[in-house]
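Undergrad: Structure below; questions to follow.
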Amino acid sequence: MIAIAPRDLALLVGITLIWGANLVVSKYGVSEIPPVLFAFLRFAILGVILVPFMRVHPGQMSALVVAALLSGGLHFALCFVGLALAESVSAVAIATQLGVPFTTLLSVALLGEVVRWRRWTGILLAFAGVFIMGFDPRIAVRWHALALVIASAFVGSLGLIAVKKLQGFRPLELQVWFAWISVPVLLLVSLAIERPALEDLAHVSAGAWGALLFTALGASLLAHTGFFHLVQRYPVTSVAPVTVLAPLFSVVFSVLFLGDRLTPRLVIGGACTLLGVLIITLRERRIVDVSS
């Protein structure tokens, strides 16, 4: 295991802070902008900025389309729709972490990875925590919102498995292709389901447009680029455990700025899920460190 330098650790914590704030900021954005349209605009902004990084990789483009549609458009559309419907952003923040156990389970099913009892314990804790949260009356009344966020985590995990099969792509190349592959699909879905009108967008507040810019430029471009920079300097397994701070920041911000109430079920369920995610992450770190 390689220790992270204090300056880089501060950068990593700042990245998780941005990711933690992103859910709260996005909640404000999707309250005024239809959520699928919000996802479309997010990718459109990102795609325009990153056009210079587009490179064609012969023989891998069909696999890239699958990965982009899963981890890009479908993942974010489900997440933003769930976020728009949810009453508790804290519950959404915790549920998004199911991507970690989902990825582990899919690695077992599709890649033949072996999982032993410690990671099985983490997986069970993670799902048990969300199950406990589901019985909170404020969350149960919007169960469909939580279900959409869980579906988003699962789809994103499928996409991550697909990404693992790609070779030779730089992080910014993946981001720009994810954007441009997702943009037409999200636009068609938004036009078919949400039917946004230009006159409605004219009444969107500056704060909501600012939320859109934050999620596109801050959370995606700045934070993800910074994270990939750290991954290039350190093993993924050294930086991954720190990212568990992101949902904790989301919970704190949602309580402070959105008036979320931390009920006993939410606290206990959230603690179980995050503990499970941490166990999976730390155990995977040990496996990689031993094998490297």
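Undergrad: Sorting H224, H203, H57 by accessible area (1.4 Å probe), largest first, what list results? Could you put the intermediate results ahead of the total?
TA: Details: H224 60, H203 150, H57 30 Å².
Result of the area sort, largest leading: H203, H224, H57.
Undergrad: Now for a different question. Whats the longest run of the chain with zero trypsin sites (Lys or Arg not before Pro) that are DSSP loop and have at most 14 other Cβ atoms within 10 Å?
TA: Numbers: sites that count: R55, R116, K165, R261.
Of all site-free stretches, the longest is 166-260.
Undergrad: If we restrict to alpha carbons, what Rg and Dmax does the chain come to, in Å?
TA: 18.5, 59
Undergrad: Here's another thing I want to ask about it. If each DSSP helix of 4+ residues adds -39,500 (n - 2.57) and the sum is divided by the residues in the chain, what number results at 222 nm, nearest 500 deg cm²/dmol?
TA: Details: 16 runs with 210 residues, N = 292.
Result for the chain: -23000 deg cm²/dmol, rounded to the nearest 500.
Undergrad: State to the nearest 20 debye the size of the charge dipole of the stretch 139-233 about its Cα centre, where the only charges are +1 on K and R beta carbons and -1 on D and E beta carbons. Please report the intermediate quantities before stating the final value.
TA: Values: 6 positive and 4 negative charges, 96 e Å.
Its charge dipole is roughly 460 debye.
Undergrad: Which sequence of T225, T273 reflects their accessible areas, 1.4 Å probe, from the largest down?
TA: Values: T225 55, T273 0 Å².
Reading off the accessible areas and sorting them downward yields T225, T273.
Undergrad: Something else now. State in Å² the accessible area per residue of the chain; use a 1.4 Å probe, count heavy atoms of protein chains only, and round to the nearest integer. Working shown, then result.
TA: Numbers: 13710 Å² over 292 residues.
Per-residue accessible area for the chain comes out at 47 Å².
Undergrad: Taking only the alpha-carbon atoms of the stretch 103-160, what semi-axes of the equivalent ellipsoid follow from 5 times the gyration tensor eigenvalues under a square root, in whole Å, largest first?
TA: Working: eigenvalues 129, 48, 5 Å².
Listed largest to smallest, the semi-axes of the stretch 103-160 are 25, 15, 5 Å.
Undergrad: So for the stretch 18-153, considering every pair of alpha-carbon atoms, how many percent are separated by more than 18 Å?
TA: Working: 5773 of 9180 pairs.
When all Cα pairs of the stretch 18-153 are counted, 63 percent exceed 18 Å.
Undergrad: From the Cα trace of the stretch 1-92, what convex hull volume per residue do you get, rounded to a whole Å³? The partial results should precede the final answer.
TA: Details: hull volume 15.3 nm³, N = 92.
Enclosed volume per residue, from the Cα hull, is 166 Å³.
Undergrad: Across the stretch 142-292, what fraction of all alpha-carbon pairs, as a whole percent, falls in each successive 10 Å bin from zero upward?
TA: Histogram of Cα-Cα distances, whole percents per bin: 8, 25, 37, 24, 6, 1.
The values are calculated or read from the model by the stated rules, or taken from the named source; none is laboratory data. Small disclaimer: the values here were computed from a predicted structure and weren't measured. Here Cβ is always computed from backbone atoms with ideal geometry, including for glycine, and neighbour counts include all displayed protein chains. In case anyone asks, the SASA skips ligands and DNA or RNA and just uses the protein heavy atoms, side chains included. Shrake-Rupley method; radii C 1.70, N 1.55, O 1.52, S 1.80 Å.
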